[in-house]
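Below is one structure, written out as structure tokens; the observations come after it.
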Amino acid sequence: MKKTLKAALAGLAISTAMSTAAMAEDIKVGILLPYSGVFAALAQDIDDAFVLGLETFGPEAGVTFDLVREDTEVKPPVGLAKTKKLILQDEVDVLIGVVSSGVLGAIRDTVDGAGVPLIVANAGNDEATGEACSPFITRISFSNQQVNRPMGKWMVDQGVKKVFTIAPDYAAGRQMIDAFTAAFTAAGGEVVGQEWPPFQKTQDFGPFLANAKASGADAVYVFFAGGEAISFVKQYDSFGMKADLPLYGSGFLTSSLYVNAQGPAAEGVITALHYVPTLDNPENAALVAAFKAKTGRIPSEYAVHGYDSARALVEAVKAGATDRASLAAALPKVSFTGPRGELRIDPATNNIVQPIHVYETVAGADGLTQKVLATLPAEADPVNGCVMPAAVN
Amino acid sequence: MTADLGFWVLQTLNALQLSMLLFLLSVGLTVIFGLMHFVNLAHGSLYAFGAYMAASLAGVLGYWGGFLLAPLAVAALGAVLYFTLIRSQRRAGPMAQVLITFGLIFVAVDATRLIWGDLPIGIAVPAVFEGQLALLGVTYPIYRLFIIALGLAVLAVLTLVLTRTQVGAMIRAGVDNDQMAACLGINVERMFFLVFVVGCALAGLAGAVAAPVLSVTPDMGLQILIPTLIVIVIGGLGSLKGAVAGSLIFGFVQTFGAVLLPTFNSVLIYALLAAVLVIRPEGLLPAKG
């Protein structure tokens, strides 16, 4: 009798685990990252830091987190198929990840329709927390406009009146530069010229640099990332332009992830970003020490996205969330002080609100490092056509 | 801007620099094709391998160590490829060759990711070529002038070898008609091997000189492949002159298109390619008259 009861209970437990999303003490997390393809290094940073974040803050939540990883390959159709697999087959409670804005655009309707909360840990396209916003999508990383807008006024305040802009010709490049130029001209600056080299087809920026040099600008403001950022910064320096025409930009240009590949060419470049590893606060000191101990690397802005995503998830669970619906309701309400400073989520768009740090790349003891010049106050993005349903539940 | 002479000088130098880089790549590919009728789509991967080797060796031996050894390393890899895949597929027809070398591209991309990681690498310009030079009213990076000079030097050596030496005459005979050349007692097989390995070494050299200017990324071989193919199709398959002409046309159209007609830039070179294919399908300066 006892035996049968035990077996029945075990059977009941198994069937419950399989039929419902998960038990209360068990949160199933689907991680959607491009483990292969051009963004694999970013994915690794996000994943490592997410795991570190769960190890650091997870015990406070009193639940176990089961992780299911899927590779988006930076391809929207693959990302969509993997999202469906995580939602329907693995029945995850929450999704985190998405590096590419293209993949985020592709999975948005599925996530929204299925009512599964998604913590965006990188993709910065403005629409995701603008006209395509969803009560189920909470962005913990950044938006393209957020990182660039504050630099417009700051540069005018520093006496820069005329700029020339260069950025790759694709959605993110346009959004970053447009946000900057809008703020820059509103503050009284003038954009004297713009170049939009074809995205991922330009290896030699020489032709564009010549135009910038001839434009009569006080400074050049650019956005590039990854391999293009390295080529651009090195070529800018090789033409001897840094002395007469200082280089400013979106902080991804000289990301700590690859700034050492740029070498001395990156010295003196001034950019703005939501996180640099040299921020002086106890939360960041803890992250840098723990991340270094775990991986041997310095945490990049991508790592901090993963780390804070884990923290946000833990905070939501601590607030009582147990399943898809309650997590979706709790995630936009989290706020905490992390390595980046004070973070909260804007209820109007579900986008993060965070301070932006202006930094200069300088030579340090071991390689290049970041000297923070100014911390610009947190500012919520304009709503941009986002209409949030009144209640999620 | 366009009335300023300096602008034209600067952009001409930019165009020449791009042309010479493409020339180093396309000359190997086009002669291999002309001689062996072998389509080697993995040629760009050899260029990437050259850049990675140069970047790694530069850390140990300095820039010049990488510059000299990277082409040799790529030539050695080329020799391995020749004996394992290329030779057995010589008579297999273009479809099998395209599939195999296309597959090699993906193998190469993932192999570089495994060995060197996903993050782009950069190396510094050698100390001798740091800085800029005032030239015809513009200041231009010395290293880029070095690339132009190197391309011209390679062009001069190849022209000399192909037109003035016995090996050159044998290669030309092989490109014209390999069966007849074999009948005349030329060891065509050995010549194929020589040309293939030299072509690979030139791709490696291109990678090594490009490494300080561009960033070294796993997909750089794929990015350069299409421009290289366009160059040899425009220039004419199998000919040195064609490779020169194709590289110059591509370099100038790309550079001046980017600054004068930015909106049409991506289309310009393809429009030109289409025009060449319609009007002169064999290319502008084909090897066989």
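When the charge dipole of the range A:132-196 is built from unit charges on Cβ atoms (+1 for Lys and Arg, -1 for Asp and Glu) and taken about the Cα centre, the candidate among A:154, A:180, A:192 whose Cα reaches farthest toward its positive end is A:154.
For residue A:344, the residues whose modelled amide H falls within less than 5 Å of its own, excluding neighbours fewer than 5 places apart on the same chain, are A:353. The aspartates and glutamates whose alpha-carbon is closer than 13 Å to the alpha-carbon of residue A:292, local same-chain residues fewer than 8 away aside, are A:45, A:48.
With the simple spin-label model, which puts each label point 7 Å out from Cα in the Cβ direction, the residue A:335 to residue A:69 separation comes to 3.5 nm. Listed from fewest to most Cβ neighbours within 10 Å, the set B:233, A:259, B:216 follows the order B:233, A:259, B:216. With angles folded into 0 to 90 degrees, how steeply does helix A:101-114 sit against the dominant principal axis of chain A? Use alpha carbons for both and round to 10. For A:101-114 against chain A, the angle is about 30 degrees. Pairs with C-alpha atoms separated by more than 19 Å, drawn from the list A:28/A:84; A:162/A:234; A:161/A:213; A:294/A:371; A:85/A:333; A:213/A:234, are A:162/A:234; A:294/A:371; A:85/A:333. To the nearest ten degrees, helix A:226-238 and the longest principal axis of the Cα atoms of chain A are 20 degrees apart.
Put the Cα centre of the range B:190-239 next to the Cα centre of the range A:135-197 and the gap is 38 Å.
Shielding value for B:209-218 is 5, the average number of Cβ atoms from other chains within 10 Å of each residue's Cβ.
Counting neighbouring Cβ atoms within 10 Å and putting the fewest first, the residues B:101, A:349 line up as B:101, A:349. Neighbour counts of C-beta atoms inside 10 Å place B:183, A:386, A:133, B:200 in the sequence B:183, A:386, A:133, B:200, starting with the fewest.
Of all complete DSSP H helices in chain B, those with a Cα span along the helix axis of 30 Å or greater and a mean Kyte-Doolittle hydropathy of 0.5 or more are B:5-36, B:94-116, B:142-164, B:188-210. Across the range B:17-56, the residues whose backbone nitrogen lies under 11 Å from the label position 7 Å along the beta-carbon direction of residue B:161 are B:28. The listed peptides B:82-92, A:297-307, ordered by packing as a protection proxy, come out as A:297-307, B:82-92 (highest mean of other Cβ atoms within 10 Å first).
Across the protein assembly as shown, the volume of the C-alpha convex hull divided among the residues equals 184 Å³ per residue. The chymotrypsin sites (Phe, Trp or Tyr not before Pro) of the range A:186-222 that DSSP puts in a loop, and whose beta carbon has at most 16 other beta carbons within 10 Å, are A:199.
Both radii come from the Cα set of the range B:8-219: Rg as radius of gyration, Rh as Kirkwood radius; their ratio Rg/Rh reads 1.00.
Only helices enter this figure: runs of n ≥ 4 DSSP H residues, each worth -39500 (n - 2.57), summed and divided by the residues of the protein assembly as shown, yield -18000 deg cm²/dmol at 222 nm to the nearest 500.
In whole percents, the pair-distance distribution calculated for chain A from its alpha-carbon pairs, binned every 10 Å from zero, is 5, 23, 32, 23, 11, 4, 2, 1, 0, 0.
A simple spin-label model places pseudo-atoms 7 Å from Cα toward Cβ; at residue B:95 and residue B:128 they are separated by 5.1 nm.
Counts of other chain beta carbons within 10 angstrom of each beta carbon in peptide B:116-129 average 5.
Any read-out appearing in this document is the output of simple, stated calculations on the displayed coordinates, not a laboratory observation. Values in this document were obtained by computation on a predicted structure and should not be read as measured data. Cβ: placed from backbone, ideal geometry, glycine included. Neighbour counts: every protein chain shown.
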